[in-house]
Each structure stands twice: as C-alpha cells, then as structure tokens.
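Asks: Attaching a single structure in structure tokens format; questions to follow.
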C-alpha cells in the first residue's frame, strides 16, 4: 500500500529542496549585487575626493609657479637695473679719470714763484690719485692694447688706421687712449682706442 503513494506527495520533497537551492542562489546574487553597488558608490566617492585633491594641488602649484616667476622677474629687473646703474657710474668715473689724465699731462712748466698755479696743479694731482684709487677699490683696472697684436673689435675701439712697414693689416699700430676692465665679473668696460694697420 505504501508503494502507491500519490504522486503529489512524492514530488513535494523534491520541489522543496529545489526551491531551497534557488533561494540560496538568489540571496547570494542579491548580496553580490549589493556589494557591487556599494563598491561602485565607494569608487565614485574616491574619484570625487581624488579629483578635489588634484584640483587643489593643481591650483596650489599654479599659484606657486606664478609667484616664483614674478619673484624671478623682479629680481632680474633689480639686477639689470643695478648693473646699468653701475655701468653708468663707472663710465662717468672713467670720463673724469681720463680728463684728469689730460689735465695732469698738460701741466705747464713752472716759472718763478707762481704758487697759485702750483697749488692748483697739486690739487688736480691729488684728485687724480683719488679717482685712480676709487677705480682700483671697485676692481677696475687699466687695460692696454698690445702693439702688433691682431685687432679685435670686441677688445679694441678703432679710431684710425695707417700703413706700418713690417706689420700685416689689421694689427694694433698704436694706442691712443687706454681701456679699462672690471675684475668682478671680468669684462671690458671701455675698449682702448687704437690705430689699426692697413
């Protein structure tokens, strides 16, 4: 008799076990989907935080670059301004020194008791020495052209030319006026004025 159980009773335990397995899989997929959605939300939050941090850093860096360039330009202008001022000052001082050289070289011969002229000339010589000492204190030294060396426009100022027997063309024949150079940094302030061979 037991062998003849209705089929509906016999199929029931099998259907229950099948439904149970499906609900476990369903819950597993639900958990997986929830986990994925939470991961995507966290990923979006992370990307937003990263974008904000990147924008903040970019803004700070741009500000730093702008301020650095501004400071560099200001420093550069100050250095160039100081250099121009120094060159003007040194050139004026050189003009005075050259004028005093000419005055001292043209000192008249003393005749009799002309004390006034003698004192005036002595004063000029004192001032001449003072200017020369100031030039040396500032690292400015006399720069002479060497006769018979090749003429170089960067180092010599040509004020005339003439033929000289035994010398090739474009050589220093004579120096008319000395030049001056600075030792700090080393550069020619004023080129010596020279006569160049033809």
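The values are calculated or read from the model by the stated rules, or taken from the named source; none is laboratory data. Note that the structure is a prediction, hence the values are computed from the model and not measured. Quick reminder, even Gly has a Cβ in these numbers, built from the backbone with ideal geometry, and neighbours come from all protein chains shown.
Asks: Scan segment 129-149 and tell me whether some residue there is out of contact with any strand residue (DSSP E or B) (no Cβ under 7 Å at 6 or more places or on another chain), in a helix (DSSP H, G or I) and more than 27 Å from residue 84 (Cβ to Cβ).
Replies: Yes: segment 129-149 contains one or more residues that are out of contact with any strand residue (DSSP E or B) (no Cβ under 7 Å at 6 or more places or on another chain), in a helix (DSSP H, G or I) and more than 27 Å from residue 84 (Cβ to Cβ).
Asks: Quick test for you: out of 60, 86, pick the one residue that is at pLDDT 90 or above and either more than 30 Å from residue 189 (Cβ to Cβ) or out of contact with any strand residue (DSSP E or B) (no Cβ under 6 Å at 6 or more places or on another chain) (or both).
Replies: 60
Asks: From the list 7, 27, exactly one residue is on the phi < 0 side of the Ramachandran plot and at pLDDT 60 or above. Which is it? Explain how you work it out, then say what you get.
Replies: Details: 7 fails: at pLDDT 60 or above.
Every option except 27 fails the conditions.
Asks: Quick one: is residue 164 at pLDDT below 95, part of a loop (DSSP other than H, G, I, E, B) and either surrounded by 12 or more Cβ atoms within 10 Å (Cβ to Cβ) or out of contact with any strand residue (DSSP E or B) (no Cβ under 8 Å at 6 or more places or on another chain) (or both)?
Replies: yes
Asks: Ok, one more. Need the failing condition index for residue 155 against (1) surrounded by 13 or more Cβ atoms within 10 Å (Cβ to Cβ); (2) without any contact (Cβ under 8 Å) to a residue 24 or more places away in the chain; (3) under 30 Å from the mean Cα position of the chain (by Cα); (4) not in a helix (DSSP H, G or I), just the number.
Replies: Checking residue 155 against (1) surrounded by 13 or more Cβ atoms within 10 Å (Cβ to Cβ); (2) without any contact (Cβ under 8 Å) to a residue 24 or more places away in the chain; (3) under 30 Å from the mean Cα position of the chain (by Cα); (4) not in a helix (DSSP H, G or I), the one that fails is (2).
Asks: Give the residue that is modelled with the lowest pLDDT, with candidates limited to residues of segment 178-198 that are surrounded by fewer than 17 Cβ atoms within 10 Å (Cβ to Cβ) and under 38 Å from the mean Cα position of the chain (by Cα). Don't jump to the end; show me each part of the working.
Replies: If we filter segment 178-198 for residues that are surrounded by fewer than 17 Cβ atoms within 10 Å (Cβ to Cβ), which is where we start, we get 183-188, 198.
Narrowing the set further to residues that are under 38 Å from the mean Cα position of the chain (by Cα) leaves 183-188.
Working: 183: 76, 184: 65, 185: 62, 186: 68, 187: 80, 188: 85.
Only one residue fits best here, namely 185.
Asks: Can you find a residue in segment 176-189 that is over 26 Å from residue 86 (Cα atoms), outside any strand (DSSP E or B) and touching a residue at least 24 places away in the same chain (Cβ under 8 Å)?
Replies: Checked against the condition, which is being over 26 Å from residue 86 (Cα atoms), outside any strand (DSSP E or B) and touching a residue at least 24 places away in the same chain (Cβ under 8 Å), segment 176-189 yields no hits at all.
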